[in-house]
Amino acid sequence: MSVMTGAGTRVFIGSKLTAALSGVDATDLAAMKAAGITYTEIGELVSVGDYGDSVSDVSYTALAKSRVTHLKGVSDGGTTDLTIAFDAGDAGQDALIAASRDRAGFYYLYPIKIQYVDGLTDYLAVTVQGVRKQPGSGNDVVQRVVTVAANSPVLEDPGV
């Protein structure tokens, strides 16, 4: 793999997962790549925000040392925004809207596939938290800003 730009990056949303994640990366990656998962490309993608786990800081102060000690707490996949040029007829955008309205089953998540031009593909299991329109001004393209929350680590598939 080499250094690259974001040009050519594609994002897809998959059909809803029908079981909770196992917490084992290889098993969860296989579930998101399973033949039963249908992925639909999200058209007119403008940008993808940063994504991936961060770990909570757990700290305490040892009086005798006069020093704060930092430990790693729980991992949080956080949220990220997908910015998309509004296209009312795009199947991927429609799938995002449907996923944002789905409240059936707390553990039933939607897989997102982020495919880079060099073949590297990242998979995340997400909930779609919100779909907002961003009209902007007279010289702006009307956009959708879709917030997704990751409930899995980033699962990398080098694709090569």
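Just a few scattered comments:
- For the chain, the pair-distance distribution built from all alpha carbon pairs, in bins 10 Å wide starting at 0, is 10, 35, 31, 14, 7, 2, 0 percent.
- Global geometry of region 1-48, whether rounded, prolate or oblate, following the gyration tensor of its Cα atoms and the 1.5 cut on a/c: oblate
- The chymotrypsin sites (Phe, Trp or Tyr not before Pro) of region 59-131 that meet both conditions, a loop assignment by DSSP and at most 15 other Cβ atoms within 10 Å of the site Cβ, are PHE86, PHE106, TYR107, TYR108.
- Cross-link partners of LYS16 among lysines, defined as those whose alpha carbon lies under 30 angstrom from its own and excluding same-chain residues fewer than eight positions apart: LYS33, LYS113, LYS133.
- Cα long-axis angle, helix 91-101 against the chain (0 to 90 degrees, to the nearest 10): 50
- Extending 7 Å from the Cα toward the beta-carbon at both ALA30 and LYS133 defines two label points whose distance is 4.5 nm.
- A straight chain from THR5 to ALA91 at 0.36 nm per residue would run longer than the Cα-Cα distance by 28.4 nm.
- The spacing between region 2-45 and region 62-133, judged by their C-alpha centroids, is 11 Å.
- Charge dipole magnitude, Cβ of K and R +1, D and E -1 - region 10-157, Cα centre, debye nearest 20: 520
Every number here is computed from the coordinates shown, using simple stated rules; none is lab data. Fair warning: this is a prediction, and the values are worked out from it, not measured in the lab. Cβ: placed from backbone, ideal geometry, glycine included. Neighbour counts: every protein chain shown.
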